[in-house]
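Nothing in this text is a laboratory measurement; each read-out follows from the coordinates by a stated rule. Note that the coordinates shown come from a computational prediction; the quantities given were computed from them, not determined experimentally. Here the Cβ positions follow ideal geometry from the backbone for every residue, glycine too, while neighbour counts run over all protein chains shown.
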Amino acid sequence: MLGLSTYVARRVIAVDNDRPDDVEVLAVDGDSLVLSATDETAVDGRYGLWLDRGAGHARFGGILESGDGWVHRELHGVDSGVLQPGPARFSAFYYGSDPLTDLGLEFEETTFASDLGPMPAWVVPGGDGSRWAVLVHGRGGRRLETLRAVPALHAAGLSVLVPSYRNDEDAMPAPDGRYSLGLSEWRDLESAVVEAVRRGAREVVLVGWSMGGAIILQMLSQSRLRPLVSRVVLDAPVVDWGNVLEHQARINRVPGQVAVLAQGLMGRRSARRLVGVHEAIDVAQTDWVRRADELTHRILLIHSLDDEFVPAIPSVRLAEARPDLVTFVPWRHARHTKEWNTEPERWDRIVREFVS
C-alpha cells in the first residue's frame, strides 16, 4: 500500500513534457478533414491539432458528420507545417503561435524577475494601461492555452500579461523539478503582478485555468499584492486537489485509501525525500470549499458539469458557500478546460461583461 501511494504521490506532482500523438488524420479535403473518433474529437467546438510532433499546427471546428470510428470536421486553417493523413495530437489550444500571428494584436516578448530567475511572458498593451489581466495556464500547459481569452479581455480595455511559471518548458525549474499544486507557483504569479505594476497597472484581474486557478487562489491567500486584484475569472479550476485525487483514483480503479495516503505523504515533512519534493505539500491548504470564508474577491467561476478530469462539484459547493462573491456559470458537454472551445461567443460575452 505504501509503495502504491508513493507512486501516486510522485505521479501527481511529476513534470511530464512528453506529448505523444493521440489521433489519426484519416483524410484532408480542402476545407474539411476526417479524424479518428476519440473522446476529444467527438465533441463539437473549435480545437487545435499539432502536426509533425508539435512542429506544425492546424485549427478545426464543427462536426459535419460522423461514423464508426471517424469524425468529419470543418478545417479552419493550417498555421504551420503540412496537414496530411497520419498521426497528430489533439489540442485544446485553438491558437498555436502568438498574439500577433493568431489574433492580430501587437505584443512584446519579455521576461520578468522571479525568485528562481527570469520568467518569459507576453505583454499585449490595451486600454489606458491602468487595468491589467494576468493569465495563468494549467498544469503541464503553455502560454498558448490562454490566447483564446485575450480578445475578450483586450476588448474590455485591459492590457494583458501572459506569464510562464516554474517548470514550464520555457521557464526556470523548481528546486525539485516538481509541481506543488499551486503552493509554490503562486510566487511566480505574484512576480508577474509586480511586473504589471511596474508597467503601470493600478488594478489587476486574474484569469486561470485548472491548476492555474489553484495558483490564483493561493496568491489571493498569501500575497501582499492581493489588494490590487479587483476580480478573478476561474475556468475549470482545481478548487480542491483532494477531490481531484480521489476522483482520479476512482476512474483508474485505485483503492480510495491509496489516494488518502498519497495526500498524507505529500504533506509530511519526513516523507519529502520519499516523495521527491523540496517543500512538503499540504493538500488540505488547497481545499477552498473548506476555506471559503477566507475569500474576499469577486469570482466568476466557469466549469463544465461534464468535466472528466476536475469534477465540477467543488466549484458548485464553493459558489453555494459564498454566493456573495462567487458567480457560478455551468457549462455542458465541454471536457476539461474546453468551455471556450465549445461556446466561444458565450464565453467571451460572459467574461467581457464581468471584467468591464
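Couple of notes before you dig in:
- Considering only the chain, percent of DSSP beta bridges that pair antiparallel, nearest 5: 60 percent
- Each residue, Thr110 and Ile63, gets one label point 7 Å from its Cα in the Cβ direction; the gap between the two is 4.4 nm.
- Largest GNM mean-square fluctuation across Arg224, Arg291, Arg166, computed for the chain with C-alpha springs under 10 Å, falls on Arg224.
- Qualifying GluC sites (Glu not before Pro) for segment 304-356 [loop in DSSP, other Cβ within 10 Å: at most 15]: Glu308
- Net lengthening on full extension, Ser97/Asp44 (0.36 nm per residue, minus Cα-Cα): 16.8 nm
- Dipole of segment 243-356 [Lys/Arg +1, Asp/Glu -1 at C-beta], most positive-end residue of Gln263, Trp331, Phe354: Gln263
- Segment Arg199-Asn252, length gained on full extension (0.36 nm per residue, minus Cα span): 14.4 nm
- Alpha carbon convex hull of segment 248-356, projected area averaged over orientations, nm²: 8.9 nm²
- Comparing Arg231, Arg46, Arg253 in a Gaussian network model of the chain where C-alpha atoms under 10 Å apart are linked, the largest mean-square fluctuation is found at Arg253.
- Relative intensity, log₁₀ I(q)/I(0), of segment 18-91 from a Debye sum that treats every alpha carbon as a point, q = 0.12, 0.13, 0.22 Å⁻¹: -0.25, -0.29, -0.90
- Based on the Kirkwood approach, the hydrodynamic radius assigned to the chain is 20.9 Å, with every pair of different Cα atoms included.
- Once the Cα-Cα distance is subtracted from the 0.36 nm per residue extended length, the Glu308 to Val82 segment shows a gain of 78.2 nm.
- Computed about its Cα centre, the charge dipole of segment 18-91 is approximately 240 debye, with only Lys, Arg, Asp and Glu carrying charge at their Cβ.
- Paramagnetic label zone (point 7 Å from Cα along Cα-to-C-beta, Arg11; backbone N under 20 Å) in segment 322-356: 336
- Lys, Arg +1 and Asp, Glu -1 on Cβ, resulting dipole of the chain about Cα centre, debye, nearest 20: 1380 debye
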